[in-house]
Amino acid sequence: MSIAFDQGVFTLTTKNTMYQFMTDRYHVLIHLWYGKNTHCDMSYLVDYPDVAFSPSVFDAGRDRTYSLDTRLQEYPVQGTGDLRIVGGKVKTPDGCSSLDLRFEGFSAEKGRAPIEGLPYARAEAECETLIIHLRDSVLDLNAKLYYVVFEELDIIARHIRFENSSDQTLILEQAASAVLDLPNEDMDLISFSGRHAQERQLIRRSLEQGTVSLDSKRGTSSHQQNPAFILAGKDTTETCGSCYGMMLAYSGSFQALVEKDPLGQIRAVMGIHPDLFEWVLEPGQSFETPEVFLSFSSRGFEQLSHNYHGLINTCIVPARFQNTPRDVVINNWEATYFDFDGDKIAAIAGEAAALGIDMLVLDDGWFGSRNNDSQALGDWFVNEEKLGGSLQQLIERIHAKGMKFGLWIEPEMISEESRLYQEHPEWALSIPARGCIRCRYQLNLDLSNPDVQEYLFERMDALLSENEIDYIKWDMNRPIAQWYSPCWPADRQKEVPHRYMLGLYALLNRITQAHPGVLFEGCSGGGGRFDAGMLFYHPQIWTSDNTDAHDRTRIQYGTSFFYPVSAMSAHVSAVPNHQTGRVTSLSTRGAVAMAGSFGYELDLSKLSGEEKREIREQVGWYKQLRPLIFQGDYYRLTGADENRSFWMFVSKDKRKAFVEGVVYEHKPTALRHRIRLKGLDPDAWYRCIGASFESPAVHQILSGEALMSGGCLLDYSWGYDKAMALVFEKVE
Ligand code: GLA
């Protein structure tokens, strides 16, 4: 049993953690503990100070020590005298904002129920659900707090549902998915922040008194802040110390606030961004939030990452794509941009097939009159003139070369220069009487409109039914800057941002169910919508438009804290790199892209015979190793700021390991770089069965302990831009 209730105390246990809270004398849910399993009732730690200027709830009478402003709680709301950041706010018809949720009862069940219309952690791993029933008796509003406990994964999934049982209209002004209160401790906050082509750069900052906001108001989870963060002890490292993760399964505007209060206590609130949210709850109506995944590790970031990788691989991505090695693709975008025809694409496929590549992905420019980025989005009809025949005919030419076929599409967009815009200008999100705010010359379609959803389903369904397409790259290339939909009345306009997300998820659900064999890759100007919400439908996402291998090591490093490599699409592109101008060796580019769903994105016909030979070899290595890459455990061997970047994969049975990395800089008159491996069986013996360089470790049989504690010496030869790979096998 992972859920227990004893004398007012609820205890949730997972393999390595314990989460505890209680209901107190005023029926408020007081948070007690999240951390290692102490096997104890932790309520002895609750402190009752009289803190000046902290208000007390009405029921406490003249007891100055009972203030919710100073207590750790499960779901603090606005209206109880807790003047810190809160999770929930409700407005009544008289204009008052006040909410007070007290414990009413609970229920527990095996498994879990889906969250209607939203992504969630599927019950693919064993789980149990605790539902806490809360009630505001003045408003006649009920709330249910859900805790889904995934014992083996060390994950607790939380969300809340509000139900209006009154006879008046209530307005939900804020509905955070979860709040996590932690006792007073010095902690660091780690975010994964950035911008286009520089996504998920790890930033570690000290938490001081005050509030930090990690958020997106862009209608996507965004390049700028990822909806996942870590709270870590000051001395927590990759393998030591405590840390907490919070990850939101939502792909739209979100807010994560972290406050260190004047007493040094820490509160984290995460959910839909309240600035772009409101929900009208008519009598009898309810609202359910997206889900937040909590995890705790007492063994540093590595364990925390493994917990989240396990969650995504087991419970988030569709079951049919779980841990399945992916095809090697060639994408024509950086090879041709808009300048191609059917013959050029068939020629690229021919070159790629000869190198062992499995699939050609035809990127932007195959539809309507699209020949540059200002036209035709929305006109999802094949440009047969450009392709020199029908799409199916082109696919057959590609199939004849032994390759599969994938197609790019950007369903959520509309160009002003398009047939669709002429027919339906009202389908573009814009504010009446104001000019539209353009970005990359394009506008956003109003996905809160069921007619728009229907049009997009019909178009995509037709493309997928009429053509043999194995893979779709679903792009989304601009933020949303204007929120108004003629489909909704004035008092529901603040619902439109979330209704857009519900429309998007409904469309994704419908199209992926109608075509279960098709692998959908997500994309948003690269990694602008890289989140657990999208991974529920798209098992992989184009990690960044930045294909420069050096920049990619940092981007993939940051991404790996919450997301498994199977989710990261990564390609080898041409040099000088189109985004940074940097020249890196083909081996560096190959090594970096292999830590993901691997592919190429360059004009193969421009490569030398030697380069083609190297690519054939890379593809061969990748195909041999991809079961290990997709099914093994991923370890970071170096940090983000070193002059080298190494990582490795170890099979679950620890029989096989693949170490890879790049040395950016080698100082003269220095010892060789040494890399300590991880995740091996310390008592087993390992033999190197494949190496791209010379090292004593390549020729000797060494114990797992030696390789992990002593490590491997890397290549002697000095230089910059050296990729290295080693494959080890356990000696039986
Ligand atoms: C975005 C994507 C690219 C490519 C272009 C096409 O920028 O991230 O990979 O598909 O759009 O317009």
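So how many residues does segment 211-234 have that are open to solvent by 30 Å² or more (accessible area, probe 1.4 Å), in contact (Cβ under 8 Å) with a residue 40 or more places away in the chain and assigned to a strand (DSSP E or B)?
4
Please identify the pairs in which a residue from segment 338-359 that is without any contact (Cβ under 8 Å) to a residue 60 or more places away in the chain has its Cβ atom under 6 Å from the Cβ atom of a residue that is among the acidic types (Asp, Glu), counting only partners at least 6 apart or on another chain.
Pairs that qualify, where the first residue is without any contact (Cβ under 8 Å) to a residue 60 or more places away in the chain and the partner is among the acidic types (Asp, Glu), are Asp358/Asp327.
Please go through segment 677-707 and pick out each residue that is surrounded by fewer than 14 Cβ atoms within 10 Å (Cβ to Cβ) and out of contact with any Asp or Glu (no Cβ under 9 Å at 6 or more places or on another chain).
Pro696, His699, Gln700, Ile701
Looking at segment 116-172 only, could you name the residues that are among the basic types (Lys, Arg) and part of a loop (DSSP other than H, G, I, E, B)?
Of segment 116-172, the ones among the basic types (Lys, Arg) are 122, 135, 144, 158, 161.
Across segment 116-172, the qualifying residue is only Arg122.
Hey, among the residues in segment 464-510 that are surrounded by 21 or more Cβ atoms within 10 Å (Cβ to Cβ) and small (Gly, Ala, Ser), which one's nearest to the ligand (Cβ to nearest atom)?
Gly503
Kindly provide the set of residues from segment 235-245 that are in a strand (DSSP E or B) and either among the small types (Gly, Ala, Ser) or over 17 Å from the mean Cα position of the chain (by Cα) (or both), ordered by number. Lay out the reasoning, then the answer.
As a first pass, look at segment 235-245 and keep what is in a strand (DSSP E or B): 241, 243-245.
Within segment 235-245, Gly241, Cys243, Gly245 qualify.
Tell me which residues, restricted to segment 1-11, are outside any loop (DSSP other than H, G, I, E, B) and either crowded, with 21+ Cβ neighbours inside 10 Å or at pLDDT below 95 (or both). Lay out the reasoning, then the answer.
Pass one, segment 1-11, residues outside any loop (DSSP other than H, G, I, E, B): 3-6, 9-11.
Matches in segment 1-11: Phe10, Thr11.
Within segment 553-591, how many residues are under 16 Å from the mean Cα position of the chain (by Cα) and either open to solvent by less than 20 Å² (accessible area, probe 1.4 Å) or among the basic types (Lys, Arg) (or both)? First the steps, then the outcome.
Filtering segment 553-591 down to residues under 16 Å from the mean Cα position of the chain (by Cα) leaves 555-570.
Then keep just the ones that are either open to solvent by less than 20 Å² (accessible area, probe 1.4 Å) or among the basic types (Lys, Arg) (or both); that gives 555-556, 558-570.
Residues meeting the conditions: 15.
Regarding Ser566, is this residue more than 16 Å from the ligand (Cβ to nearest atom) and under 18 Å from Val317 (Cβ atoms)?
On the way: more than 16 Å from the ligand (Cβ to nearest atom): yes; under 18 Å from Val317 (Cβ atoms): yes.
Yes, satisfied.
Which pairs turn up if I take residues in segment 559-580 that are more than 15 Å from Glu199 (Cα to Cα) and look for partners that are open to solvent by less than 10 Å² (accessible area, probe 1.4 Å) and charged (D, E, K, R) with beta carbon separation below 6 Å, at least 6 apart in sequence or on another chain?
Partner pairs satisfying both residue conditions: His571/Glu601; Ser573/Glu601; Asn577/Asp548.
Tell me, which residue of segment 525-547 that is within 13 Å of the ligand (Cβ to nearest atom) and hydrophobic (A, V, I, L, M, F, W, C) is surrounded by the fewest Cβ atoms within 10 Å (Cβ to Cβ)?
Result: Ile541.
What tally of residues in segment 378-421 results from selecting those that are touching a strand residue (DSSP E or B) at 6+ places or on another chain (Cβ under 7 Å) and on the phi > 0 side of the Ramachandran plot?
Residues meeting the conditions: 1.
The values are calculated or read from the model by the stated rules, or taken from the named source; none is laboratory data. Worth saying up front: this structure is predicted, and the values here are computed from it rather than measured. Glycine gets a Cβ as well: all are built from the backbone with ideal geometry, and neighbour counts include every protein chain shown. Just so you know, the surface numbers come from the protein's heavy atoms only, side chains and all, with ligands and any DNA or RNA stripped out. Shrake-Rupley method; radii C 1.70, N 1.55, O 1.52, S 1.80 Å.
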